[in-house]
1. Kindly put 346, 257 in sequence by how many other C-beta atoms sit within 10 Å of each C-beta, fewest to most.
2. Which order do the peptides 98-106, 300-308 come out in when sorted by mean C-beta neighbours inside 10 angstrom, highest first?
3. With an 8 Å Cα cut-off and a minimum separation of 6 or more residues, compute the relative contact order for the chain in percent.
4. Quick check: Cα centre of segment 329-391 to Cα centre of segment 226-289, how many Å?
5. Compute the long axis of helix 356-365 from its Cα atoms, compare it with the longest principal axis of the Cα atoms of the chain, and write down the angle in degrees, 0 to 90, nearest 10.
6. Rank by packing, highest mean first: peptides 411-417, 159-165, with packing defined as the count of other Cβ atoms within 10 Å averaged across residues.
7. Quick check of the Kirkwood formula: for segment 227-307, what is the inverse mean of 1/r over all pairs of different Cα atoms, in Å?
8. If you take every DSSP beta bridge whose two residues both sit in segment 219-369, what share of them, in percent to the nearest 5, is antiparallel?
């Protein structure tokens, strides 16, 4: 419902002038505002921007009471990475730390989702814990300059009041706060996403503590651990989380003696990202076990795993439920994918085995295909002609975005043919 449903434009302008400290409308606003009860005033105030709501507390004691307690229940989500929210709620200016602490004291109990950027230091976590007990999703971005400010002790018991928390994300430059956060999270949480900007080696005490903290989560549905050093015991603990439907271990480092075989027996797994785990001779065996045990798999990324061979890809080729497959930069030869009837996204940039014959099997057997990324491969114009012919006859009106090298696109356009359901892109 628009602002005009609750207050006419002229009156809204008057309220905003009061927020800005203009005096000349005092007689009018006194008549206007005094005929409204507190709930009606609170409803009107709730249509002001957040900065205006904080400013309006300075007008008089009654307005302060109303603004503080009756105008914040429509703020259930704050995302400081979203430019639209910054524009709409904060007049385009990211609030200072003191302003954010005040804001959380006003709307914190109504918040369900909070995404904090790296513009704030560790003290803001105290405000989050004190004022935001009803959060269901919390994201913390601790990269950039904030690392010199954050004290890991501020994460201890930082989230213990959030019994309804279901999603937790933390991105940290060097792992600051990750271990302490795990200790503080409720055991019944459904999603945990941990990532670092770069690898950082940890001692055995840290790993033992990490394993103990991770083992308490018995009902996780989604787990992401990226660019973090994992011991074999940690991988075994993850392998025991049979409720997982989403597992992202992209770019982790586990060492040459670690085994990823415990990660191949998730009966309900739908999403698996093993990008660049570099596990050598085990790669093909992992893919074989995934084919046998994870029949519901829809998303698979094994890019940059140089130990995968043609044998491993033949197991992948039999995963009939895949909707997204990413095999970028693999060193294997060509493999035919004739059973990908549900495939929507196929990335094979830099794959040594990508050729016209391989792409033909994908194009002919995947009617819902939306994206192919085949840059830096051995494709010729024949693949573009085939894509043009196949998409031209599509009855589902799905547009295929085909990413290839610019030279191929230029040669194809010389032929003067283009399907309405084919878009060629050179990135």
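1. Numbers: 346 24, 257 7.
Arranged by neighbour count, lowest to highest, 346, 257 become 257, 346.
2. So the peptides 98-106, 300-308, ranked by packing, come out 300-308, 98-106.
3. Details: 867 pairs, mean separation 25.6, N = 427.
Worked out over the chain, it gives 6 percent.
4. Between the Cα centre of segment 329-391 and that of segment 226-289, the gap is 27 Å.
5. It works out to around 60 degrees.
6. In descending order of packing, they fall as 159-165, 411-417.
7. 12.5
8. Details: 0 of 16 bridges.
Here the share of antiparallel DSSP bridges comes out near 0 percent.
Here, each number is a calculation from the coordinates, and none is a lab measurement. What you see is a predicted model, and the numbers here were worked out from it, not measured in a lab. A quick note on method: Cβ atoms are made from the backbone with ideal geometry, for glycine too, and the neighbour counts reach across all protein chains shown.
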